[in-house]
Each structure stands twice: as structure tokens, then as C-alpha cells.
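Peer 1: Sharing a structure, written as C-alpha cells. Questions coming.
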Amino acid sequence: MRATGSLGRAAVLALALLSLPLPASAATEEQQLVDRAAITIKEARNDPSFGNAPALLQRAKAVMVVPELIKAGFFFGGEGGNGVLLARRDDGTWSDPAFYGLGSASFGLQIGVQSAEVVFFVMSDRALKAWMDDELKLGAKAGLTVLMLGSNAEAALTSNADVDVIAWARSKGAYAGITLEGSVIKPRHQWNDAYYGRRVNPEDIVLAGAVTNPNTAPLRTALAMSN
């Protein structure tokens with residue numbers, strides 16, 4: 001009877017352990033996003049539409065890379081994707097990334113599917129501070145000036161010195177373009193915690209440098225090469 005009871009308790013314990021989330025699978029998903037962000041930065045350097053945008057990194061306080069923004073809809077449409085935010089340190093190197101989600105909703109006669117790669121250049125201190133909040137909504141009501149970068153990146157350098165955020169997008173699909181007005185950006189707290197192995201917030205990661213993950217090196221190198 002005692003052995004049977006021990007086996008019963010062992011079975012309950014085993015079931016309990018199996019029901020726990022697996023950090024390895026979560027970390028793999030996060031690492032895939034980091035790796036795809038590095039690819040986006042590398043490919044952007046060879047895209048003519050990126051223009052002189054690499055020069056923006058010399059002025060940017062931070063950069064957020066969204067490797068895939070999906071827009072799909074029939075009458076009602078929406079956009080969504082995950083991204084990583086890195087801040088440029090005083091010595092010119094880049095911080096480790098903090099994970100974010102981006103989403104928006106739109107209404108209209110929209111039929112088709114579009115995907116886009118988006119790079120946000122965070123150009124002002126107040127914009128970077130807004131990214132540290134629990135929720136950031138892009139647009140005039142947020143008090144931030146946001147510029148969508150066209151084919152001439154040099155114009156963004158010379159004639160928009162007071163812009164808070166500059167966004168470059170490379171899109172394809174049924175839609176002619178994308179709009180980021182009203183988009184909401186929120187930290188992915190669970191992803192940040194899982195990737196760095198403890199409870200952290202974006203400020204800990206990108207400003208304080210309280211944590212690091214060696215697997216972010218290719219992304220940080222890609223950004224450094226774009227300077």
C-alpha cells in the first residue's frame with residue numbers, strides 16, 4: 001500500500017511537471033524573432049528604397065525592428081506583428097533587445113493580404129521615454145510626430161529635424177501601402193522575462209543594461225554595420 005501511494009504521488013508530480021510551460025520552446029520563438037530582425041536590417045541595406053536611412057542610425061536614440069507586419073481583411077482589416085527595440089549607447093554600441101508587440105485596426109473595403117517589414121527610428125528622448133511606457137499609441141494624439149519614410153530617405157534627414165519617430169516599411173501584397181496611425185505598441189513582458197531568465201522591463205534591458213543574452217550578437221552587429 002505504501003509503494004502504491006508513492007507511485008500515485010509520483011504520477012501526480014509527473015503530470016504537474018508536464019503541465020508547466022517549457023521555457024526552451026518560448027526562448028526558441030523569441031530567438032527566431034531576434035534572428036529575423038537581423039536579416040531585416042541586413043536586407044534593408046541592399047534595398048534602394050532604404051536610401052540613406054542607415055545614416056538615421058547615427059542620430060537615432062533607438063530602433064525597433066518588426067520583421068513581419070501582417071495585414072489581412074475583408075471589409076474589416078487589422079495589422080499585427082512582433083518586434084524588438086534596441087537603444088544606442090553613448091559609445092555607439094547597441095543594447096540587447098526588448099520584445100514588443102504592435103497592432104492596429106482599420107475599417108474599409110480591404111480584400112487581400114499584405115505583409116511588411118518595418119523599421120522604426122526613435123529620434124527623440126521623449127519618443128524613447130514613450131516606448132518605455134506600458135502602452136504607446138502612434139499618432140498626433142500621442143504627442144509624437146511620426147513620419148513614414150518614402151523612397152527618398154535623404155529628405156527625412158534634411159527637412160524633418162524635429163520628427164520624433166521615422167518609420168521605414170517594405171511591403172508587398174494586395175495593398176498599396178500601410179498606415180501606422182493609431183497603432184498600439186506594447187511590451188511583450190512574458191517574452192522579455194523568458195528570454196533573459198528573470199523579471200525585467202524594457203528600461204532594464206535597453207537603458208540600464210541590467211541583462212544580456214549572447215545570442216543577440218548577430219542583431220547588434222547588423223545594426224553596428226549600418227552606422
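The values are calculated or read from the model by the stated rules, or taken from the named source; none is laboratory data. None of the values given here were measured: they were computed from a predicted structure. As a convention, Cβ positions derive from the backbone with ideal geometry for all residues, glycine included, and neighbour counts pool all protein chains shown.
Peer 1: Output the strands (runs of 3 or more DSSP E) that fall wholly within the stretch 53-162 and possess 3 or more residues being in contact with a Lys or Arg (Cβ under 8 Å, 6 or more places away or on another chain) and modelled with pLDDT of 85 or more, or say none.
Peer 2: Per the criteria, 62-87, 98-122.
Peer 1: Are there any pairs with C-beta distances below 6 angstrom linking a residue in the stretch 128-140 that is free of Cβ contacts under 8 Å to residues at least 12 places away in the same chain to a residue that is assigned to a loop (DSSP other than H, G, I, E, B), with the two at least 6 apart or on different chains, and if so which?
Peer 2: none
Peer 1: Identify, by number, the condition in (1) touching a helix residue (DSSP H, G or I) at 6+ places or on another chain (Cβ under 6 Å); (2) surrounded by 16 or more Cβ atoms within 10 Å (Cβ to Cβ); (3) not basic (Lys, Arg) that residue 218 doesn't meet.
Peer 2: Among (1) touching a helix residue (DSSP H, G or I) at 6+ places or on another chain (Cβ under 6 Å); (2) surrounded by 16 or more Cβ atoms within 10 Å (Cβ to Cβ); (3) not basic (Lys, Arg), residue 218 violates only (2).
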